[in-house]
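Scroll down for the structure; my scribbles are underneath it.
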Amino acid sequence: MRVTSTSSYASMRDSLATSLSRVNDLQSQLGTMRRINKPSDDPVGSTTALRYRAYEADQESYSQSADDALTRLSGSDTALQGMSSSLRKFRELAVSAANTSLSAEARESIAAEMDSLRDELADLANSSHNGQSLFGGHATTAVSQDAEGVWHYAGDDGQVQRRVAQGTVMQVNIDGQAAFGFDQPEGQDLLSVLDRLSAAARTGDTAGLATGQTELADRTTGVLRALATTGAKVNAVESARSRGEQFIERITAERSSIEDIDLAQAILQLTAAQTGYQAALGAVAKANLPSLADFLS
């Protein structure tokens, strides 16, 4: 079959357009540092990269949730550590108050200090995070005292949960009812025990002080158990977050290998493409292109 000059021109034109398109694509990749700038660049790779980006977005949400969980648990830990310290001071005062040689003035001084520590402990029990009680479930406070001076658990049984990793939802609040003894028979909660110890110190009731110290030891165990639970939750959240971050590091690396360019290789490819384009231009310039007469003939 005879190849006409017109068909030769069309072939050279198509070749020149292909070479120029290749140069433009490589320049675009170098400008964005990405191999895939539109789905048509690599349909399969583009779909995979989108899926990986969805994983990364999910992990960002999990990380924020884990950060909030750790902030909340840190607040609980601080409050419980403070309570443990105050209870230690309270026990020391109770031992001092058992001294039968104390004057009424000395007993009153010890009782007043006990009352101050009790109020401090009540404030710590009502610690909050973003307006929500740390130890009261979904309520705004955990403990309260009525007009008759009786202490009550003011919280609820609500569980505060956070999704800290794919498939991992954790309860991040501490049960104040158990921690402060409100799950015990009436009057056996921590604050009521402290009230009785203060009254016994004020009156010199050594039997009451002895009984109160035993009760205080039981209630202190509840606080320490809550402190241990808090530490375990912190470790669990940090472990889940760490696993999630390691997974995303792998996903991000894989996405980068799909989407991003190898700079050195891309520069070589661009240089080769530009050389090819210049060669195509030279070939066109030397060709016997059809004239207007050829088209009219």
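Every read-out reported here was derived from the displayed coordinates using simple, explicitly stated rules and does not represent laboratory data. Just so you know, these numbers come straight off a predicted model, no measurement behind them. Positions of Cβ are generated from backbone atoms using ideal geometry, with glycine treated the same way; all protein chains shown enter the neighbour counts.
Brief remarks on what is shown
- Charge sum, other residues only, whose C-beta stays under 10 Å from ARG196's C-beta, Lys/Arg counted +1 and Asp/Glu -1: -3
- Rounded Å value of the spacing that divides the Cα centres of the stretch 204-220 and the stretch 140-193: 23
- Dipole-positive endmost among HIS138, ALA210, VAL150 within the stretch 52-254 (Cβ charges, Cα centre): ALA210
- Annotation: extensible slack from THR78 through THR206 equals 42.7 nm (criterion: 0.36 nm per residue apart, minus Cα-Cα distance).
- For the stretch 218-235, putting each phi into the Karplus relation 6.51 cos²θ - 1.76 cosθ + 1.60 with θ = phi - 60° gives couplings of 5, 5, 5, 4, x, 5, 5, 5, 5, 5, 5, 4, 4, x, 5, 5, 4, 4 Hz, in residue order, rounded to whole numbers and with x for Gly and Pro.
- Pairwise FRET efficiency - LEU224 versus ALA104, Cβ, R0 = 35 Å, nearest 0.05: 0.55
- VAL95-ASP42 pseudo-label distance in nm [points 7 Å out on the Cα-to-Cβ vector]: 7.1
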